[in-house]
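Below is one structure; the comments refer to it alone.
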Amino acid sequence: MSSQPAQQAQPDDISPELELLLQTDTSKGLTDAEVESRLAQFGLNELPEIKVNPWLKFLGYFLGPISYLLELATIISAILGNWIDFGILVFVLIANAVIGFHEEAKAESALDALKNTLALKTRAWRNGKLVEVEAALLVPGDVIVLRLGDIVPADARLLGIDATGEPVEHDLQIDQSALTGESLPVSKGKGDIAFSSSIVKQGQMLATVVKTGVHTYIGRAANLISMTNEEGHFQKVIKTIGDFLVIITVVMAAIIFIDSMVSKHNSFLTALKQTVIITIAAIPVGLPTVMSVTMAVGASELAKKKVIVKRLTAIEELASVAILCSDKTGTLTLNRLTFDKPFLANKGNTSTDFVGTGVQYTDEDLLLNSFFASEPGAQDPIEMAVRKASQSTVKILRDREVQDHKIPGYKVNSFIPFNPTSKYTEGKVTNLETGEQFRVVKGAPQVIIKLCGGHEQATEAVIDLAGRGLRALGVARTVDPEMTKFELIGLISLLDPPREDSGATIKECEEMGVNVKMITGDQQIIAKEVAFRLGMQRTILDAHKLVDHSLSEEDLITRCERADGFAHVIPEHKYRVVELLQQRGHLVGMTGDGVNDAPALKKANVGIAVEGCTEAARSAADIVLLAEGLSTIVDGIKTSRAIFQRMRSYALYRIASTVHFLLFFFISILAFNFALPDRLILLIAVLNDAATLVIAVDNARISKRPD
């Protein structure tokens with residue numbers, strides 16, 4: 001009773017040349033010579049790493065306008081032989097670089113985490129023997145065995161046979177939620193592609209490796225991460241401030257230097273000394289440090305609210321986020337199939353008489369009978385959802401001392417599990433009180449309705465449930481001694497329901513000027529139903545439209561802005577959504593929990609990894625939530641806006657103070673040839689900033705719009 005996938009994202013078409021390499025004898029596999037030549041052609045089955053030299057990375061923190069001003073002042077101090085000033089300036093330079101390097105070094109492990117999700121070893125046919133092979137040494141054409149619990153080691157095409165070469169009866173159940181965001185395991189049979197890093201939940205089958213390393217579905221996600229290295233909004237603001245200060249400093253310093261040499265006929269060293277005074281006056285020495293301290297204090301505030309900040313500047317960016325793209329499965333919803341409002345038939349109904357006795361079956365009747373036809377211990381999510389709903393709703397099941405499959409007052413004599421031909425499970429039951437025997441079937445609604453001879457109302461209910469994206473199961477039982485005549489009891493409807501707080505959180509976000517967009521790998525109809533239940537509009541865009549080349553970039557951006565969500569999403573689509581919205585100048589937050597979210601989390605202005613996320617998502621994100629659902633994000637936005645107001649107050653004050661300093665010394669040197677010793681100016685600047693550190697814990701009014 002497996003779920004069909006909302007959409008089975010297929011990898012790129014396999015070229016005819018590659019197809020030739022995939023025609024391997026399934027009983028023998030590849031020879032060592034074939035493996036060697038293919039390894040040379042396709043490379044290892046792993047994600048390549050581009051490691052940045054940590055020294056080069058550290059030296060990068062000495063670049064930028066504020067650093068350039070400090071370095072210029074340091075060089076001039078060395079030329080003049082002012083070694084105390086030189087020492088102070090070098091200390092400030094190194095301190096700023098160390099703080100920056102330390103904070104950013106913690107957030108650079110996204111590719112490592114992606115690599116960790118890959119399988120390490122697998123069983124494959126090589127030289128006519130079934131052997132254990134390092135996953136990194138797999139090549140296209142390798143024949144591998146996939147079985148319960150295995151992590152799929154590479155993109156592989158299922159062959160529909162087992163390790164002995166016999167056809168298999170059942171499809172594989174594969175959990176690819178971390179890759180595509182689909183909430184249920186996907187049923188995959190002969191000819192389907194099992195993606196690298198997905199997990200086999202049920203079944204066993206041989207498969208031929210079709211793609212390895214960076215060419216796999218997950219490899220493309222890793223490639224997107226390595227392509228993404230955006231400068232943060234906060235860095236851009238600081239850089240703009242720095243550029244402004246550099247320009248006016250250079251202009252003023254040049255005027256003073258020329259005036260000192262030409263008008264006042266001073267020596268070169270004297271003119272240089274006056275230039276260093278104006279340069280030091282222009283440096284907002286403590287700007288990076290005060291900003292870092294303010295954000296560090298804010299980060300500890302957020303940590304108390306279960307919001308862990310990995311990149312300090314993300315706090316400021318969270319305050320400015322105008323659009324929040326949220327994953328549906330597991331973030332807005334529970335990622336758990338739950339019993340929804342069922343369709344209940346009347347007792348005594350027939351294919352021509354829907355009224356019957358006029359008495360309707362109850363939820364308890366429906367769930368008790370469905371429990372009779374449930375497989376004990378099955379890990380199928382639909383079976384688990386039905387059993388859980390039955391055990392919490394039906395009184396005789398709820399009151400049992402031992403939660404096993406024994407049912408007080410009844411005995412299940414035999415059970416027939418689900419198979420793809422009949423499309424239902426069946427239990428043969430005896431009522432111990434009356435001795436009556438009956439059969440109960442549970443399965444595909446159309447099949448169950450047909451067993452009952454037809455039921456127009458139920459058929460309409462099936463169409464209605466399907467139109468709203470709910471999964472339906474029919475339940476019927478026999479009503480004659482021969483156990484051949486079935487009567488419909490009703491239809492169970494199942495849905496991955498929204499979290500209790502999701503609707504209120506979205507409303508609160510809207511009130512704070514943050515537009516929430518839902519992103520899912522599920523079907524459009526499911527996305528629309530969840531959006532409706534969350535109180536959102538139901539304008540859900542098929543994500544494949546985002547790569548529609550017939551539309552202009554402007555049209556695509558407008559569509560993105562107007563959509564309330566996106567369905568049928570694959571990793572490139574998430575990345576594209578963020579990219580398009582950023583092109584219109586929006587600051588975008590993206591939540592996610594799976595490997596498939598990692599590239600978009602890295603690309604977004606603020607990447608938010610939700611509770612229970614994979615290591616890859618956690619590594620790519622700027623902020624990690626430790627509590628379930630979206631509600632903690634609202635706390636995060638409020639706190640970050642308070643921190644932003646503090647930083648804004650400080651930055652405005654500091655820039656005004658610097659300009660005031662500059663103008664004072666510019667006029668005093670030009671008009672009166674008066675100047676303070678340079679180390680005194682540096683001391684004033686540092687003490688001034690030290691005093692304003694208290695702004696880090698200042699009370700601040702929270703803005704109602706993104707900052």
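The values are calculated or read from the model by the stated rules, or taken from the named source; none is laboratory data. All values derive from a computational prediction rather than experimental measurement. Don't worry about glycine lacking a Cβ; one is built from the backbone with ideal geometry, like all the others, and counts go over all protein chains shown. Calculation scope for accessible area: heavy atoms of the full protein, side chains included, ligands and nucleic acids excluded. Shrake-Rupley method; radii C 1.70, N 1.55, O 1.52, S 1.80 Å.
Taking Cα atoms only, the orientation of helix 363-372 departs from the longest principal axis of the chain by about 80 degrees. The mean sequence separation of alpha-carbon pairs under 8 Å and at least six residues apart, normalised by the residue count of the chain, gives a relative contact order of 17 percent. Residues in the range 668-673 carry Karplus couplings, in order, of 5, 6, 5, 7, 10, 6 Hz; the curve used is 6.51 cos²θ - 1.76 cosθ + 1.60 with θ = phi - 60°, and Gly or Pro positions show x.
A convex hull fitted around the alpha carbon atoms of the range 338-483 yields 121 Å³ per residue.
Dividing the radius of gyration of the alpha carbons in the range 600-654 by their Kirkwood radius gives 1.10 for Rg/Rh. The simple spin-label model puts a point 7 Å past each Cα toward its Cβ; for K423 and V479 those points are separated by 2.4 nm. The figure for I94 is an accessible area of roughly 80 square angstrom, using a 1.4 Å probe on the protein chains alone.
Charge tally around N266: other residues with Cβ under 15 Å, Lys/Arg +1 each, Asp/Glu -1 each, net +1.
Which number do you get for Rg(Cα) / (2.2 N^0.38 Å) in the range 287-397? Spell out each step's value before the answer.
Values: Rg = 25.8 Å, N = 111, 2.2 N^0.38 = 13.2 Å.
Dividing the Cα Rg of the range 287-397 by 2.2 N^0.38 Å gives 1.96.
Dipole magnitude for the chain: computed about the Cα centre from +1 point charges on Lys and Arg Cβ and -1 point charges on Asp and Glu Cβ, it is near 1460 debye.
Within the assembled protein chains, the solvent-accessible surface assigned to M384 is about 80 Å², based on a 1.4 Å probe.
Rounded to the nearest Hz, the phi-derived 3J(HN,Hα) couplings of the range 435-441 under the Karplus curve 6.51 cos²θ - 1.76 cosθ + 1.60 (θ = phi - 60°) are x, 5, 10, 8, 10, 10, 10, where x marks glycine and proline. Among the protein heavy atoms, those of I382 account for about 10 Å² of accessible surface (1.4 Å probe, every chain in place).
The mean of 1/r over all distinct Cα pairs in the range 626-673, once inverted, gives the Kirkwood hydrodynamic radius of 13.8 Å.
Pairwise Cα distances in the range 428-564 exceed 28 Å for 44 percent of all pairs.
A simple packing score, the average count of other Cβ atoms within 10 Å per residue, orders the peptides 208-216, 265-273 as 208-216, 265-273, with the highest score first.
Could you work out the per residue convex hull volume over the alpha carbons of the range 559-621, in cubic angstrom?
77
Solvent-accessible area per residue in the chain equals 44 Å², computed with a 1.4 angstrom probe and all protein chains kept. Share of carbon and sulfur in the accessible area of the chain stands at 58%, probe radius 1.4 Å. Each principal axis of the range 545-593 carries a Cα extent, and these read 32, 24, 17 Å when sorted largest first. Shape analysis of the range 513-603 yields a ratio of the Cα radius of gyration to the Kirkwood radius, Rg/Rh, of 0.93. Annotation for K507 and E561: the two label points, set 7 Å from Cα along the Cα-Cβ direction, are 2.8 nm apart. Remark on the range 457-506: ratio of C-alpha radius of gyration to 2.2 N^0.38 Å is 1.68. Hey, for a label at K411 modelled as a point 7 Å past Cα toward Cβ, could you say which residues of the range 435-452 have their backbone N under 14 Å away? Of the residues in the range 435-452, 435-438 have backbone N under 14 Å from the label point off K411.
Could you give me D for the range 336-378, from Stokes-Einstein at 4 °C and 1.567 mPa s, where the hydrodynamic radius is the Kirkwood radius over C-alpha pairs? Units µm² s⁻¹, please.
107
Would you please give the FRET efficiency between K395 and L148, computed as 1/(1 + (r/R0)^6) with r the Cβ-Cβ distance and R0 = 35 Å, to the nearest 0.05? Here the calculated transfer efficiency is 0.50.
Listed options for Rg and Dmax of the Cα atoms in Å are (1) 35.6, 124; (2) 36.6, 133; (3) 32.9, 121. The value calculated from this structure is the one marked (3).
How far is helix 268-282 tilted, in degrees, relative to the longest principal axis of the Cα atoms in the chain, given as a value from 0 to 90 rounded to the nearest 10? Orientation of helix 268-282: about 40 degrees from the principal axis. Averaged over residues, the count of other Cβ atoms within 10 Å places the peptides 555-564, 632-641 in the sequence 632-641, 555-564, highest first. A cut-off of 5 Å between modelled amide H atoms, ignoring neighbours fewer than 5 places along the same chain, links G565 with M518, L541. Got a sec? Charge dipole of the range 358-418, +1 on Cβ for Lys and Arg, -1 for Asp and Glu; which of V394, P408, N369 is way out at the positive end? My answer, from the dipole projection, is P408. Across F532, F91, F566, F354, the residue with the most accessible area heads the list, and the full order at a 1.4 Å probe is F91, F532, F354, F566. Looking at the range 285-356, none of the GluC sites (Glu not before Pro) sits in a DSSP loop with at most 14 other Cβ atoms within 10 Å of its own Cβ.
What's the angle, to the nearest 10 degrees (0 to 90), between helix 83-105's Cα axis and the longest principal axis of the chain? Result, in degrees: 10.
For the range 468-484, backbone nitrogen atoms closer than 20 Å to the point 7 Å from Q457 Cα along Cα-to-C-beta are found at 472-479. Among the trypsin sites (Lys or Arg not before Pro) within the range 30-98, those in coil by DSSP and having at most 15 neighbouring Cβ atoms inside 10 Å are K51.
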